[in-house]
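All remarks here apply to the structure that follows.
Computed from the coordinates by the stated procedures, all read-outs in this text should not be read as laboratory data. Computed from a prediction, not measured in an experiment: that's the story for all the values here. Here the Cβ positions follow ideal geometry from the backbone for every residue, glycine too, while neighbour counts run over all protein chains shown.
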Amino acid sequence: MQPESTGALTTEQIKATASTIIDQQTPDGMILWFPDGHSDTWNHTEAAMALSSAGFIDAAANAYAWLAKIQRPDGSWHHYYLANGVEDAKVDTNCCAYIATGVWHHYLITGDINFLEEMWPVVKQSLDFVVGHQAASGHIPWAIHTSGTPWSYSLVTGSSSIYHSLRCGLATAAHLDQEQPEWEFAAVRLSSLLRAHEEQFEPKKRWAMDWYYPVLSGALTGDAASQRMSSRFEEFSLADHGVRCVSDQPWVTTAETCECAMAYLAIGDEAMAHRLFQSIQPLRDRDGAYFTGMVFPETITFPDGERSTYSSAAVVLAAAALTENSAASQLIIGDGLPLLDF
């Protein structure tokens, strides 16, 4: 089933947006950011999720087959790939973990148990790799050098996303009768840090993602989540144009605005979620692709003319979340995921 109209887009428009993502998919399944660009496993997975949400199941399956094919023996992936090789050989832990979210999302949409069983070793190896780098403090370094040495710090956004991916991995494990208590322990430790010790992460205060991601991922819930969203909204919103990528620049971005909309959906503020989703529609191009960002009041696209697949994917996934059209539609905000004991 494809997302229905949200009041801003029709089903046909959403399908057109997803089609522009397929335009950037190579024959072996990799989804590039844009023509002649690179790919990373987080945005690749996000794009695959959008494809399955819009009904392009075969293209999404091809994207997951590519991930399985290029997974390294230790369960990781390199940071950036090009159509003809590796662009950046280091490893981003959050990018590795996100595969678990995509696999569970694809299963919820298709009900294909064979797919889930085939991808289980990929998910297990990737999350084992990520959890294996968790420090005694509970932190997971944001990246691993090519030498195998962990980066010296961790990030709020990346750690929040890893927390969500671990819960998706736990949902997959439970469905396949595969107990993974170490993943649960790792997720609880991450959530504890995000709730009570944010000062221990590398400061990225000017970036919108560090503001809303603990809420989007479910690491923060209830009053704490609502207070966090209200505390910096005026700082990151740009009139009725959407959400700034960074607080000190006059440009909004499609992906951050859509993710922020879903964070508001997570705290039950549907009106704000719809408002933000509709605010980003001026960034839609004629064929359905979305520009990465736009500067106001000049209404100039930034980067100039860039249309990124991850931006279009965020639109498709936000539309699905707003319409609750399938068992997977609100997975990004934690719907149906295991509740962990703290």
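Name the residue, out of Ala68, Ala18, Ala60, whose mean-square fluctuation peaks in a Gaussian network model built on the chain with Cα pairs under 10 Å. Ranking Ala68, Ala18, Ala60 by mean-square fluctuation puts Ala68 first.
Listed by Cβ neighbour count within 10 Å, with the fewest neighbours leading, His274, His175, His79, His164 appear as His175, His274, His79, His164.
What the phi angles of segment 87-92 give under the Karplus curve with 6.51, -1.76 and 1.60, with θ = phi - 60°, is a coupling list of 8, 9, 7, 5, 10, 9 Hz, glycine and proline written as x.
Only one residue of Ser39, Phe115, Thr17 has its Cα farthest out toward the positive end of the dipole of the chain, where Lys and Arg carry +1 and Asp and Glu -1 on Cβ, and that residue is Ser39.
May I ask you to list the residues of segment 63-94 whose amide nitrogen lies under 18 Å from a point 7 Å from Cα along the Cα→beta-carbon direction of Glu182? Inside the label zone: 72-77, 93-94.
The residues Thr309, Thr110, when put in order of fewest to most other Cβ atoms within 10 Å, stand as Thr110, Thr309.
The modelled label-to-label distance between Val246 and Asn84, using points 7 Å beyond Cα along the C-beta direction, is 3.3 nm. Structural descriptor for segment 212-307: relative contact order 22 percent, calculated from alpha carbon pairs under 8 angstrom and at least 6 residues apart. Using a Cα-Cα cut-off of under 19 Å, which aspartates and glutamates could be cross-linked to Lys205, ignoring same-chain neighbours fewer than 8 residues away? Result set, ordered by chain and number: Glu234, Glu235, Asp248, Glu256, Glu259.
Rounded to the nearest 500, the 222 nm mean residue ellipticity of the chain from helices alone is -15500 deg cm²/dmol, with -39,500 (n - 2.57) taken per DSSP H run of at least 4 residues. Convex hull volume of the C-alpha atoms in the chain, normalised per residue: 122 Å³. Net charge dipole, the chain: roughly 300 debye, given to the nearest 20, about the Cα centre with Cβ charges of +1 for Lys and Arg and -1 for Asp and Glu.
Comparing Ala59, Tyr98, Ala173 along the charge dipole axis of the chain, the residue lying farthest to the positive side is Tyr98, per the Cβ-charge model.
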